[in-house]
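Trainee: Before we start, here is the structure in question, set down as structure tokens.
The values are calculated or read from the model by the stated rules, or taken from the named source; none is laboratory data. The structure presented is a predicted model; accordingly, all values stated were derived computationally and were not measured. Note that each Cβ is placed from the backbone with ideal geometry, even for glycine, and that neighbours are counted across all protein chains shown. All accessible areas refer to the heavy atoms of the entire protein, side chains included, with ligands and DNA or RNA removed. Shrake-Rupley method; radii C 1.70, N 1.55, O 1.52, S 1.80 Å.
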Amino acid sequence: GTVVATGDNSKGQCNVTEWTGIVAISAGNKHTVGLKYDGTVVSVGDNEYRQCELSAWENAKAISAGMFHTIGINEEGVFFTAGSNENGQIYLD
């Protein structure tokens, strides 16, 4: 459940040492997201496009961080999205 990150930390995207209970991680362009065992999601790094505003996500089962967006799915099959949709990357029909 703990996470270690290395590399460019110009936006704080490697500040994950305090994370615990993590079962999955994903790294975007300058943000990192983690899925906790209880279905909550944590994030650090660049939030210019609100790609790190994930505190309302509950019962998540999977997550993925893109360049300027984050996407997840919960236990019921409902998708969550956050961040830039400039190229339709978080448009779900």
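Trainee: Please determine whether any residue of the range 66-80 is under 19 Å from S10 (Cα atoms), in contact (Cβ under 8 Å) with a residue 24 or more places away in the chain and of a type in the set (D, E, K, R).
Mentor: Looking through the range 66-80, none of the residues is under 19 Å from S10 (Cα atoms), in contact (Cβ under 8 Å) with a residue 24 or more places away in the chain and of a type in the set (D, E, K, R).
Trainee: Filtering the range 1-24 down to residues that are surrounded by fewer than 19 Cβ atoms within 10 Å (Cβ to Cβ) and polar (S, T, N, Q), which residue is farthest from A62 (Cα to Cα)?
Mentor: Ranking the qualifying residues of the range 1-24, first place goes to S10.
Trainee: Among the residues that make up the range 25-32, is at least one of them exposed (fewer than 15 other Cβ atoms within 10 Å of the Cβ), at pLDDT 95 or above and either in contact with a Lys or Arg (Cβ under 8 Å, 6 or more places away or on another chain) or within 20 Å of N85 (Cβ to Cβ) (or both)?
Mentor: Residues of the range 25-32 exposed (fewer than 15 other Cβ atoms within 10 Å of the Cβ): none.
No, the range 25-32 has no match at all.
Trainee: Let me ask you something else. Hey, among the residues in the range 34-61 that are aliphatic (A, V, I, L, M) and out of contact with any Leu (no Cβ under 9 Å at 6 or more places or on another chain), which one's surrounded by the most Cβ atoms within 10 Å (Cβ to Cβ)?
Mentor: L54
Trainee: If you take the residues in the range 62-93 that are under 19 Å from I25 (Cα atoms), open to solvent by less than 30 Å² (accessible area, probe 1.4 Å) and polar (S, T, N, Q), which one is nearest to the chain's Cα centre (by Cα)?
Mentor: The selected residue is T70.
Trainee: Next question, about the same structure. Go through the range 58-93 and count every residue that is touching a Gly at 6+ places or on another chain (Cβ under 6 Å), of a type in the set (F, W, Y) and closer than 21 Å to V23 by Cβ.
Mentor: 1
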